[in-house]
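In what follows, a structure is listed as structure tokens, so that the remarks can point back to it.
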Amino acid sequence: MFLGNIPALSPIQIAVIAGVVLCFVCISFWAIWDAFSRDYDHPMEKFAWIQLAVLAPFVGGLIYAVIGRRRGRKRTTGGES
């Protein structure tokens, strides 16, 4: 067999693995969404943060949360008076 001997997983192990993967995916999607919704001094900086979150999913999201989020400014909506 190509993958070798893979042991059967219990339902609890599957649930834990699925939960960890879900956390990783959520952090990555949040980083992409938040970087996209912020204004940066240079458009390439926004592109670089989004690219980091896409190409290095979990690690890129954590680096963005620690460093990149503070560098951008939250967009203001134009509809308020």
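Taken together, the values in this text are just the output of simple stated rules run on the coordinates, not laboratory data. This structure is a prediction, so every number in the text was calculated from the model and none was measured. For neighbour counting, all protein chains shown are included, and Cβ atoms are generated from backbone atoms with ideal geometry for every residue, glycine included.
Determine which residues of the range 20-46 fall in the zone a paramagnetic label at VAL54 would reach in this model, i.e. backbone nitrogen under 16 Å from the point 7 Å along Cα→Cβ.
28-38, 43-46
Okay, helix-only estimate at 222 nm for the chain: each DSSP H run of n ≥ 4 adds -39500 (n - 2.57), divide by all residues, round to 500 deg cm²/dmol; what do you get?
Estimated from H runs of four or more residues: -18500 deg cm²/dmol.
So what's the net charge close to ARG69: Lys and Arg +1, Asp and Glu -1, counting the other residues with Cβ under 11 Å from its Cβ? Could you put the intermediate results ahead of the total?
Details: positive: ARG38, ARG70, ARG71, ARG73, LYS74; negative: ASP34.
Here the count lands on +4.
Between ARG73 and PHE29, what is the label-to-label distance in nm when each label sits 7 Å out along the Cα-to-Cβ direction?
About 3.0 nm separates the two model spin labels.
Quick one: angle between helix 11-36 and the longest Cα principal axis of the chain, in degrees between 0 and 90, rounded to 10, please.
So the inclination is approximately 20 degrees.
Give a quick list of trypsin sites (Lys or Arg not before Pro) in the range 28-81 that DSSP marks as loop, anything other than H, G, I, E or B, with at most 13 other Cβ atoms within 10 Å.
Details: sites: ARG38, LYS46, ARG69, ARG70, ARG71, ARG73, LYS74, ARG75; in loops: ARG75.
Passing sites in the range 28-81 are ARG75.
Given 0.36 nm per residue, what is the gain on full extension from HIS42 to VAL21 after removing their alpha carbon distance, in nm? Show your work: numbers first, answer last.
Working: separation 21, 0.36 × 21 = 7.56 nm, distance 3.25 nm.
Gain on extension, HIS42 to VAL21, equals 4.3 nm.
Counting other C-beta atoms within 10 Å, which of LEU62, LEU52 has the fewest, and how do the rest follow? Please list the in-between numbers first.
On the way: LEU62 16, LEU52 20.
Ranking LEU62, LEU52 by Cβ neighbours within 10 Å, fewest first, gives LEU62, LEU52.
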